[in-house]
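Report on one structure; see the data block that follows.
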Amino acid sequence: MKIRGNKSNGMAAAKPASNQSKKDMYVIVVAVITVLLIVWVFFMGRKAEETVQVCMFTENIYKNEVITESMFQPYDMVKAEFEKYAVTNDNGTTKRRILLYEERGQILGSFAAYPLHEGTVAMYTDFIRARVDNSDSVLYSFPGKNIVSFEMAEKDLKAFKTFLQPGDKVNIKAIYSEQEEVEDAYGNAEDVEVYKEETVFQDIMIADLLNSQGESILDIYASYKDKTVYEQAQMDASETFQASVEPTTLLVALTPEEETRYHYYMNKDNAEFTMSLPQRMD
């Protein structure tokens with residue numbers, strides 16, 4: 001008897017092999033995707049940890065202070081955060097705002113555009129190439145008045161330099177000498193030098209105190225007050241700091257009429273101006 005082969009058994013045997021092949025393919029695809037995900041997560045993790053070295057201020061800096069190397073320390077900032085500060089120009093290009101530590105040499109010798117605080121990141125906009133004219137700010141503070149400089153008695157400027165603020169009021173007197181004709185007991189006339197002391201202004205507004213370099217001493221002291229006791233002690237012992245807070249000029253805000261009175265006394269020979277604080281009755 002001739003026995004025929006069972007085709008159904010052959011087909012049944014082929015299906016498990018096909019199914020197994022598909023399963024293997026799925027496993028391979030899943031494995032590839034998993035590996036790609038792992039690589040992507042690793043790459044993103046590394047990117048998130050990528051940093052750039054930027055400049056951080058080591059001390060408080062007053063407006064118009066000269067920028068030096070010692071004012072900076074390196075700080076590792078996450079690159080993604082660094083890039084967030086970039087500004088997009090109209091042409092689509094980006095411009096960095098934060099100062100890289102390796103580029104700090106570009107701004108050495110420039111000036112602080114405004115008070116800068118210790119522990120903050122430095123930006124290019126923090127620096128200017130020329131000092132800001134302090135009269136700009138005081139003119140804004142005292143509209144309708146002119147800012148005039150007084151060459152005051154040195155002892156008075158030193159006495160009041162630590163606690164005066166823009167807007168405070170002081171009294172100013174002029175001490176000068178004039179030749180006057182005086183008759184003696186016998187009716188003889190002779191010229192004698194007479195010293196006079198007259199009040200020039202009462203309750204006149206302070207705009208600023210300047211040192212010999214034209215820097216605002218009030219700005220310097222504002223920065224000084226923000227420092228720790230230890231830092232202040234170091235500054236007190238510094239000859240450079242002491243020289244920077246030696247006042248040479250008083251700036252005051254005058255109306256046009258007051259300015260005319262000021263020039264009247266300035267034109268007197270040997271005139272010297274002294275300053276005192278008005279006493280308040282509470």
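Listing for the model above:
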read-out: Solvent-accessible area per residue for segment 68-126 (1.4 angstrom probe, square angstrom); value: 62
read-out: Surface share of carbon and sulfur [accessible, 1.4 angstrom probe, percent] for segment 212-280; value: 50
read-out: Cα gyration tensor of segment 199-254 - equivalent ellipsoid semi-axes, whole Å, descending; value: 26, 13, 9
read-out: ³J(HN,Hα), Karplus 6.51/-1.76/1.60, whole Hz, each residue of segment 247-259, x for Gly, Pro; value: x, 10, 9, 9, 9, 10, 9, 10, 6, x, 5, 5, 5
read-out: Of Lys63/Lys158; Lys173/Lys268; Lys169/Lys225; Lys63/Lys225, those spanning more than 18 Å from alpha-carbon to alpha-carbon; value: Lys63/Lys158; Lys169/Lys225
read-out: Solvent-accessible area per residue, Å², over segment 143-245 with all protein chains present [probe radius 1.4 Å]; value: 57
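The values are calculated or read from the model by the stated rules, or taken from the named source; none is laboratory data. Note that the structure is a prediction, hence the values are computed from the model and not measured. Please note that ligands, DNA and RNA were not included when accessible areas were found on the heavy atoms of the full protein model with its side chains. Shrake-Rupley method; radii C 1.70, N 1.55, O 1.52, S 1.80 Å.
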